[in-house]
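First up is the structure itself, then whatever we jot down about it.
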Amino acid sequence: MKIKQTADLIKENVARVIVGKDDVIELCLVALLCEGHVLLEDVPGIGKTTLAKALARSIGCSFKRIQFTPDLLPSDVTGILYFNQKKQEFEFRQGPIMAQVVLADEINRATPRTQSALLEAMQERQVTVDVETMLLPRPFVVLATQNPIELEGTFPLPEAQVDRFLMRVALGYPSEPDENAILLRYEREDPLEALVPVVQASDLLAMQQQVKEVLVEESVRDYVVKVVRATRKHAAVELGVSPRGTLALYKTAQALAALRDRQFVIPDDVKYLAPPVLTHRIIISPQTRLRGRRPEEVMAEIVDTVPVPVEK
């Protein structure tokens with residue numbers, strides 16, 4: 001199976017619904033190929049939910065949406081064991097987490113207790129209810145959304161939860177021509193309703209295995225490590241990226257190379273992916289925040305300071 005050709009089919013399909021966001025769609029495909037989770041952080045009405053639905057429909061995966069609210073309970077996410085009086089035995093009623101693509105909408109509106117119900121599912125790909133542990137279907141990807149502007153009545157995600165996301169992506173406002181194209185596309189009908197799968201879940205699982213075979217030359221692997229280690233030494237950073245982040249950058253670089261029809265990773269792949277993969281994993285110092293600097297600026301500065309390996 002040719003990864004680029006298959007990925008192009010998915011991109012074209014999603015682009016029928018999401019206008020002018022090819023770079024965001026590509027990053028989401030990178031996450032899918034790594035079976036990693038994505039935090040979509042942006043203001044309301046940008047298309048975060050629509051993007052998640054379009055991806056799920058394009059790859060023929062089961063899709064469930066969880067609307068996070070302050071009164072949502074962990075059992076509302078994972079499911080419950082209940083006593084069936086007819087059968088006189090306990091049965092498990094599945095929660096919405098038992099799907100292949102799960103949209104956790106406005107995840108920062110739920111209490112920390114409910115947010116933590118996602119931790120085991122995201123990391124271990126299983127859920128435990130009482131004493132029973134159940135494996136989640138594969139592939140399994142969580143696409144979570146949050147509004148970074150409206151903070152009233154929200155519960156910021158703890159570092160342990162944020163670190164479970166492979167990358168954090170912002171869609172941003174569309175350009176003027178793209179916004180015009182959106183009006184024309186949605187003038188008569190919702191294109192999402194007519195979207196059909198272009199690949200199957202089994203195809204995606206096969207592609208995930210193929211991505212692991214993409215070559216990462218020694219100097220490029222060293223470059224990945226040096227970029228991550230630089231986050232731990234920078235004066236503006238209070239807490240740098242963990243080894244989980246190193247592994248995330250390595251795997252996503254392999255996936256991006258495959259999407260761009262290469263059997264090897266180049267340093268530009270690492271530079272391109274460092275901001276979405278690493279920025280949400282660093283904690284900048286209070287003094288840096290007081291100066292008005294954002295983690296994105298610090299991350300860009302870190303990447304620029306690490307020497308790029310050159311071909312000898």
Evaluated over region 82-184, the Cα radius of gyration and Dmax, each in Å: 18.1, 62
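Ranking 87, 251, 48 by Cβ neighbours within 10 Å, fewest first, what do you get? Spell out each step's value before the answer.
Working: 87 8, 251 23, 48 27.
Going from least to most buried by this count: 87, 251, 48.
What's the magnitude of the charge dipole for region 1-139 around its Cα centre, counting Lys and Arg as +1 and Asp and Glu as -1 at the beta-carbon? Answer in Debye, nearest 20.
On the way: 17 positive and 18 negative charges, 96 e Å.
For this selection, approximately 460 debye.
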Report the one residue of 275, 255, 288 whose Cα lies farthest in the direction of the positive end of the charge dipole of region 249-302 (charges on C-beta: Lys and Arg +1, Asp and Glu -1; origin at the Cα centre). 288
Along the charge dipole of region 3-208, pointing to its positive end and built from +1/-1 on Cβ of Lys, Arg, Asp and Glu, which listed residue (172, 82, 24) has its Cα farthest out? 82
Going by C-beta contacts inside 10 Å, put 176, 106, 238 in order with the fewest on the left. 176, 238, 106
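Counting alpha carbon pairs within less than 8 Å and at least 6 residues apart, what relative contact order, in whole percent, applies to the chain?
Details: 516 pairs, mean separation 67.6, N = 312.
In percent, rounded to a whole number, it is 22.
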What are the ³J(HN,Hα) values, in whole Hz, obtained from phi via the Karplus relation 6.51 cos²θ - 1.76 cosθ + 1.60 with θ = phi - 60°, for each residue of region 74-86 in sequence order, with x given for Gly and Pro? x, 5, 5, 8, 8, x, 9, 9, 10, 8, 7, 5, 5
Placed amide H near residue 111: partners under 5 Å, 5+ positions off or other chain: 72
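Treating the beta-carbon of each Lys and Arg as +1 and of each Asp and Glu as -1, no other charges, what is the dipole magnitude of the chain about its Cα centre, to the nearest 20 debye? Can you show the working numbers first?
Details: 38 positive and 43 negative charges, 125 e Å.
Taking the Cα centre of the chain as origin, the dipole is about 600 debye.
In what order do 234, 280, 37 fall by count of nearby beta-carbon atoms within 10 Å, going from fewest to most?
On the way: 234 18, 280 24, 37 21.
Ordered by Cβ neighbours within 10 Å, fewest first: 234, 37, 280.
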With bins of 10 Å, the percent of all Cα-Cα pairs of region 222-266 per bin from 0 is 28, 43, 23, 6
For Kirkwood radius over Cα pairs in Å, one of (i) 21.3; (ii) 20.7; (iii) 22.0 was computed from the structure I shared and the rest are decoys. Which label? (ii)
Looking at this model, which pairs from 4/271; 64/87; 11/53 are more than 23 angstrom apart at the alpha-carbon? 64/87
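Each reported figure results from applying straightforward, stated rules to the coordinates on display, with no laboratory input. Note that this is a predicted model, so its numbers are computed, not measured. All Cβ positions, glycine included, derive from the backbone under ideal geometry; neighbour counts span all protein chains shown.
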